[in-house]
Amino acid sequence: MGFLTKLAWKNLLRHTRRTLITASAIAVGLGLFVFLDGWIKGFDAQSQNNLAWYETAGARVVHPEYWEDRDGAPVDLVIEDPETVLGEIERAGYSATPRISFVGELIVTYDPFPEDGSLPTRVVAIDPERDPDVY
């Protein structure tokens with residue numbers, strides 16, 4: 001050990017009460033900093049969610065039987081004439097676009113992924129020409 005390291009340890013051990021008070025103050029300050037940083041980040045994330053959820057409107061028009069198995073996102077329960085529904089919505093003064101959402105399983109193999117396996121996924125198909133008009 002170098003001379004300065006030995007001297008530092010001697011000074012820390014010589015003044016143990018002062019060392020403990022200083023270490024406690026640093027620990028409390030660091031703990032408060034971590035707590036407040038997380039608290040402020042939580043406020044920021046919640047305010048962004050509130051802005052997205054309450055300032056922008058959204059509606060979903062689905063087949064009446066869709067809600068019975070909505071977690072499975074069935075593709076066979078579709079609206080027969082979506083253009084008529086979209087036309088009615090647009091005549092009411094709102095922007096609308098068709099979307100299809102379904103669940104699936106993404107199967108991955110070892111190369112280039114670190115492991116073989118599968119991942120549950122939710123796929124949302126959009127109309128790239130009409131979707132930007134909704135926002």
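The values are calculated or read from the model by the stated rules, or taken from the named source; none is laboratory data. From a predicted model like this one, the values you see are computed outputs, not experimental measurements. Note that each Cβ is placed from the backbone with ideal geometry, even for glycine, and that neighbours are counted across all protein chains shown. Note: areas computed on protein heavy atoms with side chains; ligands, DNA, RNA excluded. Shrake-Rupley method; radii C 1.70, N 1.55, O 1.52, S 1.80 Å.
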request  = Under 9 Å between Cβ atoms, at least 6 apart or on separate chains: pull out the pairs that start in the range 95-115 with a residue that is at pLDDT 80 or above and end on any residue that is outside any strand (DSSP E or B) and of a type in the set (Ser, Thr, Tyr).
outcome  = 95/135
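Being in contact with a helix residue (DSSP H, G or I) (Cβ under 6 Å, 6 or more places away or on another chain), surrounded by 10 or more Cβ atoms within 10 Å (Cβ to Cβ), of a type in the set (A, V, I, L, M, F, W, C) and at pLDDT below 80 narrows it down to one residue among 12, 77; which is it?
Working: 12 fails: at pLDDT below 80.
Of 12, 77, the one residue that is in contact with a helix residue (DSSP H, G or I) (Cβ under 6 Å, 6 or more places away or on another chain), surrounded by 10 or more Cβ atoms within 10 Å (Cβ to Cβ), of a type in the set (A, V, I, L, M, F, W, C) and at pLDDT below 80 is 77.
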task = Find the residue count for the range 33-59, including only residues that are open to solvent by 100 Å² or more (accessible area, probe 1.4 Å), out of contact with any helix residue (DSSP H, G or I) (no Cβ under 9 Å at 6 or more places or on another chain) and not charged (D, E, K, R).
result = 10
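Regarding the range 28-49, can at least one residue be identified that is of a type in the set (Val, Ile, Thr) and assigned to a loop (DSSP other than H, G, I, E, B)? Before the answer, list the steps.
Step one: of the range 28-49, the residues of a type in the set (Val, Ile, Thr) are 28, 34, 40.
When the remaining residues are screened for being assigned to a loop (DSSP other than H, G, I, E, B), the result is none.
Among the residues of the range 28-49, not one is of a type in the set (Val, Ile, Thr) and assigned to a loop (DSSP other than H, G, I, E, B), which makes the answer no.
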remark   = The number of residues in the range 80-123 that are surrounded by 10 or more Cβ atoms within 10 Å (Cβ to Cβ) and either aliphatic (A, V, I, L, M) or in a loop (DSSP other than H, G, I, E, B) (or both) is 16
